[in-house]
Structures are given as C-alpha cells and as structure tokens.
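Down below is the structure, laid out as structure tokens.
Bear in mind that the values in this text are calculations on the coordinates, not laboratory data. The structure displayed is predicted, hence computed values, not measured ones. Virtual Cβ from ideal backbone geometry, glycine too; neighbours counted across all protein chains shown.
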Amino acid sequence: MSLEIYKKGQGKVARTSAYMLIGILVAFGAWRFHAAFNVPGEGVLIEKLPVIGSLTILKIGSLLVFLVGLLLTHLVLNGSKVAELLIDTEQEMRKVSWPSWPEVKSATLVVVVVTVVMGMALFGFDRALQGLFSFIF
C-alpha cells in the first residue's frame with residue numbers, strides 16, 4: 001500500500017484521464033453527501049468564514065469523504081493490475097488508425113439518414129397496423 005506511482009512515466013494520458021474522471025465522480029459524491037444530510041444552522045463550529053461561509057461538522061465530513069475517495073482512487077489506480085491495464089490501453093490506442101474528419105462526417109451522415117428512414121418506415125408500419133386493427137376490431 002504505497003503512495004508511489006507504479007511505473008512512473010508510462011501511460012500518462014490514460015492515468016490522468018482516469019484520475020480526472022474518477023476525481024469528478026468522487027467530488028460529486030462528496031457534494032451529494034453534503035446535500036443529502038445538510039440541515040441549515042445545525043452543527044456550526046465557526047460562523048461566517050470567507051469563501052466557505054459557516055464551518056460545520058457536515059462540511060468537514062464531506063471534505064473527509066472527498067479526501068478518502070481520492071486516496072482510494074489513487075490506491076486502486078496505482079495497483080499493479082489496474083496500472084498495467086491503463087498502460088496497455090494507452091499503448092494500444094496509439095496503434096489505432098483513426099479516421100479522417102471527412103470520413104467521420106460522411107459516416108455520421110449515413111447514420112443520421114438511415115436512422116431517419118428507419119424511423120419513418122416504423123412510423124408508417126405502425127400507422128398501417130393501427131388502421132388495420134381499428135378496421136378489424
């Protein structure tokens with residue numbers, strides 16, 4: 001359970017992305033923790049501090065939830081198996097042949113057109129079946 005970076009210098013982009021995304025989730029979780037248990041005026045330790053307002057027990061608890069979440073994130077992402085996965089993922093992503101912008105635009109256009117045509121066809125079939133069943137029943 002070391003705080004040192006496993007294989008430092010490898011997989012920087014994948015690791016940074018994972019840290020940032022999970023950090024956002026941890027911050028959101030701490031914020032929701034505070035929002036779920038907040039009772040205005042209860043547990044005030046210090047009144048009217050700059051920036052944070054009143055210092056409450058719940059704010060300290062939310063900060064601890066955030067910090068423990070970040071520590072657990074670091075320990076999990078720095079484990080040998082997860083770190084190797086992130087390093088390997090970044091290496092494989094460098095090998096990918098990414099499409100050019102015109103290819104992306106044309107493929108997107110095809111998807112949009114096919115989706116609209118299929119939607120119109122399903123709408124037509126639905127209306128036809130509704131008319132048929134209303135005529136029969």
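Note the angle between two axes, namely the Cα long axis of helix 12-37 and the longest principal axis of the Cα atoms of the chain, as a number of degrees from 0 to 90, rounded to the nearest 10. Roughly 80 degrees, rounded to the nearest 10. What would the Debye equation give as log₁₀ I(q)/I(0) for segment 41-137 at q = 0.21 Å⁻¹, counting only Cα atoms as equal point scatterers? Log10 of I(q)/I(0), two decimals: -1.07.
Taking segment 1-96, how many lysine pairs are there with alpha carbons less than 18 Å apart, if each pair must be eight or more places apart or span two chains?
Lysine pairs, 8 or more places apart or on different chains, close enough: 5.
Rounded to the nearest Å, what's the spacing between the alpha carbon centres of segment 1-70 and segment 90-137? Just the number, please. Cα centroid of segment 1-70 versus Cα centroid of segment 90-137: 42 Å apart.
Kindly provide the helix-only [θ] at 222 nm of the chain, computed as the sum of -39,500 (n - 2.57) over DSSP H runs of four or more divided by all residues, to the nearest 500 deg cm²/dmol? Spell out each step's value before the answer.
Values: 4 runs with 99 residues, N = 137.
Taken over the chain, the calculation gives -25500 deg cm²/dmol.
A simple spin-label model places the labels of ILE57 and ILE24 3.4 nm from each other, with each point 7 Å out along Cα-to-Cβ.
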